[in-house]
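K.L.:
Below is a structure I'd like to ask you about.
What follows draws every value from the coordinates through simple rules; no lab data is involved. Note that the structure is predicted; figures quoted are calculated from it, not measured. In this analysis, Cβ positions are derived from the backbone assuming ideal geometry, glycine residues included, and neighbour counts consider all displayed protein chains.
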Amino acid sequence: MDRILNMILRQITRRLVNKGINAGINKASAMRANKKAGDVSDQDRHAARQTKQAMKMLRRTTRM
């Protein structure tokens, strides 16, 4: 009885995880398709600025 229950639960879990992964990938690809190549948001600019600052700081610390 325990094996049958485990088998059924594994199948249900696998299906739910696959649906979740597929939904996430579809949403991410739709978001990417909706974004224009020249359209840069404030969040993207902020992330780029933080990355540049981190790179500068890393260069400074590795020089010593």
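K.L.:
For q = 0.14, 0.17, 0.19 Å⁻¹, what log10 I(q)/I(0) does the chain give under the Debye formula with an equal point scatterer on each alpha carbon and no solvent?
P.N.:
Here log10 of I(q) over I(0) equals -0.71, -0.78, -0.85.
K.L.:
Run the dipole for the chain about the Cα centre, Lys and Arg Cβ at +1, Asp and Glu Cβ at -1, nothing else charged, and hand back the magnitude in debye, nearest 20.
P.N.:
320 debye
K.L.:
Something else: Can you give me the distance in nm between label points at residue 56 and residue 43, each placed 7 Å from the Cα along the Cα-to-Cβ direction?
P.N.:
2.5 nm
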